[in-house]
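Structure, as structure tokens:
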Amino acid sequence: MAYEIKMLDLIDIELESSFLVLARNMGQKALAKTWGSLILGGDDPILVDTGASHPEIMQRLGMTGWISEEQTMENQLARYGVKAKDVRYILHTHNHIDHAGQDDKFPMTTTVCMQRKELEHSVSGLMTEQYPAEYVKHHVDRLHIPGALRLLDLELSGPIELVPGVRLEHAGGHTEGSMNILVDTDEGVACICGDVIYDIQNQIVEPWHQVLAYEPQTTGNHTMTKRSEKAAIKKALNRDFVLPLHDFPARVEGGRVVSRLKHEVPGSEFDVAEFAAEIAQPVAAV
């Protein structure tokens with residue numbers, strides 16, 4: 001089955017540049033989009049990540065967030081004729097403050113899927129307010145309601161097929177329980193990789209302060225080792241498309257970014273250099 005992936009524009013965030021790309025322009029501010037991904041073409045819509053609960057919550061991390069009326073979950077879903085009750089699954093790449101904040105807007109008949117390790121990681125204290133108490137408590141509520149939560153052990157079981165054409169795999173980077181969502185499209189397999197990648201241009205195309213061939217730069221925000229982070233990036237690039245959730249997508253061939261896309265996969269493709277010049281703001285710009 002071939003799917004289409006639509007990018008949902010959920011929140012804009014101002015933060016330090018080196019948070020997004022390790023050691024890049026430390027002390028300078030950057031702007032980043034935060035996307036959700038709506039997977040269409042199957043029996044029911046599938047949503048990947050739900051953004052932040054409200055813009056002010058980003059202040060807990062010393063960041064500034066903005067959510068316009070257009071960026072509300074209700075309005076973003078409505079662009080594709082979808083309502084919250086229509087969504088069959090919410091898949092979490094991970095549960096950070098800007099990725100799992102609106103699960104409570106969906107009924108308990110919508111099954112939220114995450115790695116068991118991610119739920120454990122969210123209460124470990126290792127990343128403090130990156131996992132807000134409100135989010136964690138809602139997930140614990142779902143834990144005790146039949147069918148409302150599905151926990152996966154992908155690092156032990158290996159990848160699983162959620163529905164035909166949508167597979168889930170252990171990411172191996174960013175957080176202990178991060179997962180990739182692999183989606184079959186008419187033009188190849190797309191990997192929704194969460195925050196393993198923040199900024200395609202400065203991590204992969206022109207990796208910041210890296211000299212080795214095919215050597216990506218890591219983000220400045222992770223709990224895994226540098227080697228694990230680099231391996232997770234390379235793993236995400238082992239598909240036809242890669243979709244970070246703070247940058248626009250890219251087409252990949254042989255581990256190299258060969259074109260960029262905007263709000264949907266498959267979709268119109270753009271030259272890599274021209275795209276970087278055009279989209280200087282608001283994605284990971286300095």
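The values are calculated or read from the model by the stated rules, or taken from the named source; none is laboratory data. Keep in mind that this is a model prediction, so the values were computed, not measured. Because the Cβ atoms are built from the backbone with ideal geometry, glycine has one as well, and the counts that use them run over all protein chains shown. These area figures cover heavy atoms from the full protein model, side chains too; ligands, DNA and RNA do not enter into them. Shrake-Rupley method; radii C 1.70, N 1.55, O 1.52, S 1.80 Å.
Report yes if some residue within segment 28-50 is open to solvent by 60 Å² or more (accessible area, probe 1.4 Å), in contact (Cβ under 8 Å) with a residue 12 or more places away in the chain, touching a strand residue (DSSP E or B) at 6+ places or on another chain (Cβ under 8 Å) and not in a loop (DSSP other than H, G, I, E, B); otherwise report no. Yes, segment 28-50 contains a residue that is open to solvent by 60 Å² or more (accessible area, probe 1.4 Å), in contact (Cβ under 8 Å) with a residue 12 or more places away in the chain, touching a strand residue (DSSP E or B) at 6+ places or on another chain (Cβ under 8 Å) and not in a loop (DSSP other than H, G, I, E, B). Using the structure shown, decide if Thr72 is without any contact (Cβ under 8 Å) to a residue 12 or more places away in the chain, more than 16 Å from Asn221 (Cβ to Cβ) and surrounded by 13 or more Cβ atoms within 10 Å (Cβ to Cβ). When the stated conditions are applied, Thr72 passes them.
I'd like the full set of residues that are farther than 13 Å from Ile5 by Cα, outside any strand (DSSP E or B) and open to solvent by less than 20 Å² (accessible area, probe 1.4 Å), limited to segment 241-261. His246, Asp247, listed by residue number.
Contact annotation: residue pairs with Cβ atoms under 7 Å, 6 or more positions apart or on different chains, pairing a residue in segment 75-88 that is under 16 Å from Thr111 (Cα atoms) with a partner that is assigned to a helix (DSSP H, G or I), are Lys83/Leu77; Ala84/Leu77; Ala84/Lys105. From the list Glu187, Glu120, which one is closer than 16 Å to Val252 by Cβ and surrounded by fewer than 15 Cβ atoms within 10 Å (Cβ to Cβ)? On inspection, the qualifying residue turns out to be Glu187. All told, Gly81 falls short of being more than 15 Å from Leu47 (Cβ to Cβ), open to solvent by 10 Å² or more (accessible area, probe 1.4 Å) and in a loop (DSSP other than H, G, I, E, B). Between residues in segment 135-159 that are open to solvent by 20 Å² or more (accessible area, probe 1.4 Å) and residues that are part of a helix (DSSP H, G or I) and of a type in the set (Val, Ile, Thr), which pairs lie under 7 Å by C-beta distance while being six or more apart or on different chains? Correct list of pairs: empty, since none qualify.
In segment 52-64, the condition of being at pLDDT 95 or above, assigned to a loop (DSSP other than H, G, I, E, B) and farther than 30 Å from Val123 by Cβ is met by no residue. Scan segment 7-21 and give yes if some residue there is open to solvent by 40 Å² or more (accessible area, probe 1.4 Å) and in a loop (DSSP other than H, G, I, E, B), otherwise no. Scanning segment 7-21, I find no residue that is open to solvent by 40 Å² or more (accessible area, probe 1.4 Å) and in a loop (DSSP other than H, G, I, E, B), so the answer is no. Which of the residues spanning segment 65-77 are within 18 Å of the chain's Cα centre (by Cα), part of a helix (DSSP H, G or I) and either of a type outside the set (S, T, N, Q) or within 15 Å of Tyr135 (Cβ to Cβ) (or both)? Selection gives Met73, Leu77. Looking across segment 170-181, the residues that are part of a strand (DSSP E or B) and either crowded, with 24+ Cβ neighbours inside 10 Å or free of Cβ contacts under 8 Å to residues at least 40 places away in the same chain (or both) come down to Met179, Asn180, Ile181.
Is it the case, given these coordinates, that Thr93 is crowded, with 21+ Cβ neighbours inside 10 Å and among the polar types (S, T, N, Q)? Answer is yes for this residue. The requirement of being buried (at least 22 other Cβ atoms within 10 Å of the Cβ) and over 15 Å from Ala232 (Cα atoms) is not satisfied by Val196.
Just one of (1) loosely packed, with under 15 Cβ neighbours inside 10 Å; (2) part of a strand (DSSP E or B); (3) not aromatic (Phe, Trp, Tyr) fails for Ala277. It is (2).
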